[in-house]
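Here is the structure we will look at.
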Amino acid sequence: MNISKKAAQELLSQNFYNQALCLTILSTHGIVLAQRSNSTKNKIEATHIASLIQQVQNNPAVFYENQTDLDECVSISILYKDTQIIGYLLIQGPEEQVQLNGKLILTIVTMYLNSNFRFTSTCPITDRQRSDVFLRELVTAAGQLNPFLINEARHFKLNINHTLYVAIIYSTSGFADDDPLYNLRNRINGRTTLLTAKILMIVFESRTALEYLQQWCQPNSKISVSTKSKNLLNAYHEAVTTAMLTEWLKSEKDVNQVIVQFHELQSFIPIVHAKIDVRSLVDIIICFDSSIENHELLETFWTFFQNNGRIKITAEKLHIHRNTLTFRLDTLGELFKLDLNSFDQRTLLYIAMVKYKTYALDASLRIADELLEYDLD
């Protein structure tokens, strides 16, 4: 397997590295696929290239060699696509610059080759930017960890050999650079990245971190947390789903909760995806839910069902007289041609309401995935 010349040249056309350095991408056979340099002296003979490749193959790590005649340093490292070698990265330039920027450039090149993410920032990128890109790549890898991700995890001291949580935090006011939640990586063993100015993603290891989230979360923020998983894309979807379901299916308990975990709303998922034909009821709800009065009737039924069809408790929760509740339920039953005193029939309407309330879930998850490719800067 090899990287194509087009892909190699596209990569080196990205202006993200130190201009004092010469970067060369080689095929697995040592053929120069692309090169970018401001100097004409950065030429290496084919035999020398073959020697460098042999040395890095014997020891698959970044290999450095000082060239006193050219007053520069050469480093060569293996490029991976997933776990397969697809070529080599050659960096030439002043020794101090190669030592300082070589690993970072290798990181960026490897991330680029292993994803659809395109880097637009100029190098050297900050550790914060590097962390952001790593975290996005870690999530989209969906558990398929290539050597680059493993090395980056070591750099950021995140143990990806264990299962991890993903949390999504929505803030109505956004996150400043000095926000405690945005900088939570300094307090817990985890990483954070902004998906948008008002949406923060956190990947962390232990439940202890939830206490820190609770401690630093502001009243204008809501946190949704996945179950622990090695497939962080699934965990990310769980966190987003939790946030959506909390908003759409919120109860009095949910409204007052700062942190909601996926397992608390997981029971709704089979209903959301159930292949029960309630389209006719959903269509009626769509037409019916067009006024404040009608919406109130639907929410009355929602509370009634969640309280197991108990009139007295439901009336108390809604702060209405039980006769008013009975009148609303009778009115709704006539409109939908259902006997809401029957458990089976009110369950059918409940399923239809769940599907109606969550009809945008798939679209929301698609948008969430697009946010992983979103460049905030």
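Round to the nearest 0.05 the FRET efficiency obtained for H162 and T83 when R0 = 22 Å and r is the Cβ-Cβ distance. Walk me through the numbers before you get to the answer.
On the way: r = 20 Å, r/R0 = 0.93.
The computed FRET efficiency comes out at 0.60.
By the compact-protein rule of thumb, 2.2 N^0.38 Å, the alpha-carbon radius of gyration of segment 160-233 corresponds to a ratio of 1.02. In this label model, Q54 and I286 are separated by 7.0 nm, measuring between points 7 Å along each Cα→Cβ vector. DSSP bridge analysis restricted to the chain gives an antiparallel fraction near 95%, rounded to the nearest 5.
With a 1.4 Å probe and every protein chain left in place, work out the accessible area per residue of segment 317-377 in Å², rounded to a whole number.
Details: 3790 Å² over 61 residues.
Accessible area per residue, segment 317-377: 62 Å².
Summarising the overall dimensions of the chain from its C-alpha atoms, the Rg and Dmax are 27.8, 96 angstrom. Approximating the spin labels as points 7 Å out from Cα along Cα→Cβ, the T227-to-A142 distance works out to 1.9 nm.
Just how many % of Cα pairs in segment 241-377 lie over 19 Å apart, if you round to the nearest whole percent?
Working: 5208 of 9316 pairs.
Result for the distance tail: 56 percent.
Which entries in the list K222/K337; K250/K275; K81/K103 go over 27 Å, if you measure between the two C-alpha atoms of each?
Working: K222/K337 39 Å; K250/K275 23 Å; K81/K103 17 Å.
In this structure, K222/K337 lie more than 27 Å apart at Cα.
In a DSSP loop and with at most 12 other Cβ atoms within 10 Å, the trypsin sites (Lys or Arg not before Pro) in segment 216-302 are K275.
Counting 0.36 nm for each residue step from N189 to D330 and taking away their Cα separation leaves a gain of 45.3 nm.
By how many nm would the segment from N341 to A360 grow when fully extended, if each residue of separation counts as 0.36 nm and the alpha-carbon distance is taken off? So the chain would gain 3.9 nm between N341 and A360.
Per the 1.4 Å probe, what fraction of the accessible area of segment 230-298, in percent, lies on carbon and sulfur atoms? On segment 230-298, the fraction of accessible area on carbon and sulfur atoms equals 57 percent.
The values are calculated or read from the model by the stated rules, or taken from the named source; none is laboratory data. These numbers come from a predicted model, not from an experiment. Positions of Cβ are backbone-derived with ideal geometry, glycine not excepted, and every protein chain shown enters the neighbour counts. In case anyone asks, the SASA skips ligands and DNA or RNA and just uses the protein heavy atoms, side chains included. Shrake-Rupley method; radii C 1.70, N 1.55, O 1.52, S 1.80 Å.
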